[in-house]
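These notes concern the structure reproduced below.
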Amino acid sequence: MTGRNPIEALAHLRHEFGEHGGINMSIEASSTFTVMEPGTMPEMFKGLKGHDAGCYLYGRHFNPTVYNLGLQLAALEGTEAAYCTASGMGAISSTVMALAKAGDHIVASSAVYGGTYALMHDFLPVKAGITTSFVDITDLDAVRAAITEKTTVLYTESVSNPTLRVADIPKLAAIAKDAGIPLVVDNTFSPLILNPVALGADIVVHSITKFISGMSDIIAGAVCGSKPFIESLMDLHEGPLMLLGPTMDPKVASKISLRIPHLPIRMAAHSERALALARRLEEYGAKVGYPGLPSHEDHELLDELACPDYGYGGVMTIDMETEDRANQLMSLLQNKYRFGFMAVSLGYFDTLMSCSGSSTSSELTDDDKSSAGISPGLVRLSIGYTGTLEQRWRQLKGALEDVGVQAAA
Ligand SMILES: *Cc1c(COP(=O)(O)O)cnc(C)c1O
């Protein structure tokens, strides 16, 4: 394994102090900012004096607290700059709209988050004249073939939702570079585990809502990239973050900032529990999908690309074949055995379960679902780290036995 470990960069940043000497960053609770001289204001609007000169314009533009959280996200992803948004979708839609205009074309993985799929498949063609070709991102020839002279973005998730296919970021980056277009990676499933920019990607987007927040109480997102790109998102005439306004609240930024120092511990805990349960499930004879298992088709690739300290991630799947059996399993796991919750989302400290085909991937057409490998009985589990391994295994095994999945001899 070769991946970059960002925690040294994160630890270094912890030595920026609040204005009262607090060990945590201060919350700048102002939506607007004063200037000492009237002449400064026109300079700010012309972009001559910016936040790096300590001049803030307005809270929907840069806010100091949100800006500081952006520095942490930039350290996490090893980018020159980053900025945080009100949601993952705010980050994704702003990024895509900054990179494509009417008439342009996107090549995207066919196994993306349902909201991203709907944005590209349904919303952008109608509202903005931007079209998308969805391809199997693991088929590099198909990716190359889908790129036309109109293509301005290559878009993928680092680890796909819910099929957990791993994107070969170095090879995709080479294809994007050849075509002269940026590679955008949604790293929501694998913060710390994968460092897309160190592997050649240009821009990383996150749904902070998931692992980075870790408590399923906040909706938030981030865009990480070069300084000119992040600045372009705030352009007063064409910047999608400035003009569409998916602005993060500074109080939210402060809360997220307090969770980043223990993200490494949480990621390792999710991965450790998920790997142990996946091994037992496989041994039991359940149809488990987890990139930490040598039986997973991308196990070796993930080994090659990942930072070794955080495991293989917190998400796994169990294929129950039919939606009925998937629902029975989840219902038992929640209501009889107290293993976890039937809820969408992921990255929570407890286990969350959903049947992807009828929930978070229901935006996909049936054809796109089957070509993305989403069976109607596929249960996605975001494995929490509460309770003990033995307790959780007893619960899981109990529910499998009740649905009639018998242990292999
Ligand atoms: C949840 C999710 C999003 C959307 O993020 P929100 O914070 O809900 O807007 C995008 N990509 C992936 C992979 C996700 O899991």
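Ratio of the stretch 252-376's C-alpha Rg to 2.2 N^0.38 Å, to two decimals?
Rg over 2.2 N^0.38 Å, computed on Cα atoms: 1.15.
Hey, what's the stretch 263-403 come to in accessible area per residue, 1.4 Å probe, Å²?
Here the per-residue accessible area is 41 Å².
Using only alpha carbon pairs under 8 Å that are at least six residues apart, calculate the relative contact order of the chain and give it in whole percent.
18
Residues of the stretch 304-341 with amide nitrogen under 19 Å from the 7 Å Cα-to-Cβ point of E401?
328-340
Could you work out the per residue convex hull volume over the alpha carbons of the chain, in cubic angstrom?
136
For S26 paired with D122, estimate the spin-label separation in nm (one decimal), with each label point 7 Å from Cα along the Cα-to-Cβ line.
4.5
Using a 1.4 angstrom probe on heavy atoms only, work out the carbon and sulfur share of the accessible area of the chain in %.
C and S atoms contribute 54 percent here.
Assuming R0 = 41 Å, what is the FRET efficiency of L48 and V344, from their Cβ-Cβ distance, to the nearest 0.05?
Result of the calculation: an efficiency of 0.35.
Could you give the length gained by full extension between L244 and C55, i.e. 0.36 nm per residue of separation minus their alpha carbon distance, to one decimal place?
Once the chain is fully extended between L244 and C55, it gains 65.8 nm.
Helix 64-77 against the longest principal axis of the chain: what's the angle in degrees, Cα atoms only, rounded to the nearest 10?
Between the helix axis and the principal axis of the chain, the angle is about 50 degrees.
Between T365 and L236, what length comes free when the chain is fully extended (0.36 nm per residue of separation minus the Cα-Cα distance, one decimal in nm)?
42.7 nm is the gain from fully extending T365 to L236.
What share of Cα pairs, in percent, lie more than 16 angstrom apart in the stretch 227-322?
Distances greater than 16 Å cover 69 percent of the Cα pairs.
Please compare each pair in K127/K150; K336/K369; K227/K251; K150/K171; K150/K177; K227/K255 to a cut-off of 26 Å on the Cα-Cα distance and tell me which ones are over it.
K336/K369
Sequence neighbours fewer than 8 away in the same chain don't count; with that in mind, list the lysines whose C-alpha is under 16 Å from K287.
By straight Cα distance, K287 reaches K397.
Helix 389-403 sits at what angle to the longest principal axis of the chain, using alpha carbons and giving 0 to 90 degrees rounded to 10?
Taking the Cα atoms of the chain, the angle to 389-403 is about 60 degrees.
Report the FRET efficiency, 1/(1 + (r/R0)^6), for E323 and E300, where r is their Cβ-Cβ distance and R0 is 25 Å, rounded to 0.05.
It comes to 0.20.
The values are calculated or read from the model by the stated rules, or taken from the named source; none is laboratory data. The structure displayed is predicted, hence computed values, not measured ones. Because the Cβ atoms are built from the backbone with ideal geometry, glycine has one as well, and the counts that use them run over all protein chains shown. Side chains are part of the model used for accessible areas, which takes the heavy atoms of the whole protein and leaves out ligands, DNA and RNA. Shrake-Rupley method; radii C 1.70, N 1.55, O 1.52, S 1.80 Å.
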